[in-house]
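What follows is a single structure, written as structure tokens, with notes after it.
The values are calculated or read from the model by the stated rules, or taken from the named source; none is laboratory data. Keep in mind the model is a prediction, meaning the values are calculated, not measured. No Cβ is skipped: glycine too gets one built from the backbone with ideal geometry, and neighbour counts run over all protein chains shown.
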Amino acid sequence: MRHLFTCGWVGFAALALGCSGGASGTGSTRGGGDGEEPGTAADNGSSSVTGSGDAAPGLAIGEPSTSAPAPAGPAGSGSGASAGTSVPVDPSLPAPVVTGTGDGSSSGGTQVAAGILTAGAWDDNRNFDRFLGYRSGLAAAQLPGILPITEAELKSAHQVWGTAPAPKHTLDISLIIDTTGSMGDEIAYLQQEFIALSNTIAERHPGAQQRWSLVLYKDVVDTYVSRWFDFRTDPEDFRAHLAAQSAGGGGDFPESPERGFEAAQQLSWRSDPDTAKLAFWVADAPHHDAKAAEMADSLRAMKQLGVHVYPVAASGVDDLTELSMREAAALTGGRYLFLTNDSGVGGDHKEPVIPCYFVTKLDSAISRMVDIELDGQYREPEASEILRNGGDPKDGACTLNSGETVLVF
């Protein structure tokens, strides 16, 4: 089911004005503003109103479509070619430790208690040789839809991101969210937990000004493909826009994340060197196989903007989604976050192809990533934050059966 998008708590008349209030800040290099790219389901004779004057030409905010979603395809199919692909087993990995039922269902409007989603984190730039081996294994298995990002590009990025970042003093964060029908639990969580997360960051970094922006995307067959709301300095203003969202549409498994990242490039990211720029990409499905080149280009553009992409892998991700997310993080200087079954919320969560990790609540993981970006120092979770371990990490590292040592964080 597709839903009318409202701009915060204001009415339709405010939409005609573009709802661009709050997008402010110094050192911005892009035009910014709010906007939307309609999908094909919007071309059914419904009226539309134009987005803000700063949005890309030709983009408008349309009314909801009454057309039915596309027929559902098999889960994990990508564009139909990647079904059944499995990750090669690494005999040096310890047996995964998995808890939680993972037997919930995900749908729009689900009420998720604040702080209940759980997540692990992994930095491929700190375990770079293992990451290259993981990529090579999937390439050898001829996984369809692999991004055409070269090993040379990743090695060049690793030279930059393989060490801790310099401290920063201000913060630009964008949430890039897949809003198709399977993402109800994750959207509900973010809606309920956002203010607490913003407050935690303010308490830990009282001198760091926060700006938040929102990018939403679906697929080309939906009412909209992408929609964006530029940076806000007022957390309540941002929360109101986030609260207006709901999950719907989609149909087949792959979506259009490349269009979400293209929209993220329209935002007024600050260009000064004192600003940490993060994009948390929350999704459960990959790009269409035929859009792999566009997806790779959109990630390169984020790297050029200096934006560190932090994927958050939701329930139902497949091999291609995990690989693409980890490549996005490695290329741009982010880290791979993945939801786990420990909360018992939503569908089953894929066990990532990594040897060991800590599980915390998702809000703790996100705030820890912000700490690292602002402080310029790696930080493991506090003992009180750890819900369980995957593998057997000790003192921030794991020794594998092969004798190799990997860094948990």
Which residue pairs have Cβ atoms under 7 Å apart, sit 6 or more places apart or on different chains, and have a first residue in the stretch 33-48 that is more than 16 Å from SER256 (Cα to Cα) and part of a loop (DSSP other than H, G, I, E, B) and a second that is of a type outside the set (A, V, I, L, M) and modelled with pLDDT of 80 or more? GLY33/ASP230; ASP34/TRP228; ASP34/PHE229; ASP34/ASP230
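If you go through the stretch 309-321 one residue at a time, do you hit one that is part of a loop (DSSP other than H, G, I, E, B) and of a type in the set (Ser, Thr, Tyr)?
Initial filter on the stretch 309-321 (part of a loop (DSSP other than H, G, I, E, B)): 314-318.
Subset that is of a type in the set (Ser, Thr, Tyr): 315.
Yes, the stretch 309-321 contains at least one residue that is part of a loop (DSSP other than H, G, I, E, B) and of a type in the set (Ser, Thr, Tyr).
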Residues in the stretch 299-326 that are of a type in the set (D, E, K, R) and under 19 Å from VAL215 (Cβ atoms): how many? 2
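Filter the stretch 294-314 down to the residues that are hydrophobic (A, V, I, L, M, F, W, C) and touching a Leu at 6+ places or on another chain (Cβ under 8 Å), then identify the one that is nearest to ARG335 (Cα to Cα).
Initial filter on the stretch 294-314 (hydrophobic (A, V, I, L, M, F, W, C)): 295-296, 299, 301-302, 305, 307, 309, 312-314.
Next, from what is left, pick out any that are touching a Leu at 6+ places or on another chain (Cβ under 8 Å): 295-296, 299, 307, 309, 312-314.
Details: MET295: 18, ALA296: 17, LEU299: 14, VAL307: 12, VAL309: 7, VAL312: 9, ALA313: 11, ALA314: 15 Å.
Across the stretch 294-314, the extreme among qualifying residues is VAL309.
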Criterion violated by SER367 - all others in (1) more than 17 Å from the chain's Cα centre (by Cα); (2) modelled with pLDDT of 95 or more satisfied: (1)
Is it the case that ALA188 is of a type in the set (A, V, I, L, M) and part of a loop (DSSP other than H, G, I, E, B)? no
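Residues are listed down the side, and each one gets a yes or a no for (1) surrounded by 17 or more Cβ atoms within 10 Å (Cβ to Cβ); (2) free of Cβ contacts under 8 Å to residues at least 12 places away in the same chain; (3) farther than 24 Å from SER182 by Cβ:
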{"position": "LYS350", "(1), (2), (3)": "yes, no, no"}
{"position": "VAL359", "(1), (2), (3)": "yes, no, no"}
{"position": "ILE366", "(1), (2), (3)": "yes, no, no"}
{"position": "ALA383", "(1), (2), (3)": "no, yes, yes"}
{"position": "ILE386", "(1), (2), (3)": "no, no, yes"}
{"position": "ASP395", "(1), (2), (3)": "no, yes, yes"}
{"position": "GLU404", "(1), (2), (3)": "no, no, yes"}
Cβ-Cβ below 9 Å, separation at least six or inter-chain, first residue in the stretch 368-381 and touching a residue at least 12 places away in the same chain (Cβ under 8 Å) and under 13 Å from HIS205 (Cα atoms), second of a type in the set (S, T, N, Q) and surrounded by fewer than 20 Cβ atoms within 10 Å (Cβ to Cβ): which pairs? VAL370/THR200; ASP371/GLN377
Note on the stretch 271-297: residues surrounded by fewer than 24 Cβ atoms within 10 Å (Cβ to Cβ) and in a helix (DSSP H, G or I) are ASP289, ALA290, LYS291, ALA292, ALA293, GLU294, ALA296, ASP297
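Condition test on ARG211, is it part of a strand (DSSP E or B), out of contact with any helix residue (DSSP H, G or I) (no Cβ under 7 Å at 6 or more places or on another chain) and among the charged types (D, E, K, R)? Reasoning before the result, please.
Working: part of a strand (DSSP E or B): yes; out of contact with any helix residue (DSSP H, G or I) (no Cβ under 7 Å at 6 or more places or on another chain): yes; among the charged types (D, E, K, R): yes.
In short, yes.
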Would you mention how many residues in the stretch 162-192 are at pLDDT 95 or above and of a type in the set (D, E, K, R)? 3
Would you pick out the residues in the stretch 332-351 that are within 20 Å of PRO254 (Cβ to Cβ) and either within 16 Å of the chain's Cα centre (by Cα) or not small (Gly, Ala, Ser) (or both)? TYR336, PHE338, LEU339, ASP348, HIS349, LYS350
Considering each residue of the stretch 117-130, count those that are assigned to a helix (DSSP H, G or I) and under 21 Å from ARG379 (Cα atoms), and give that number. 4
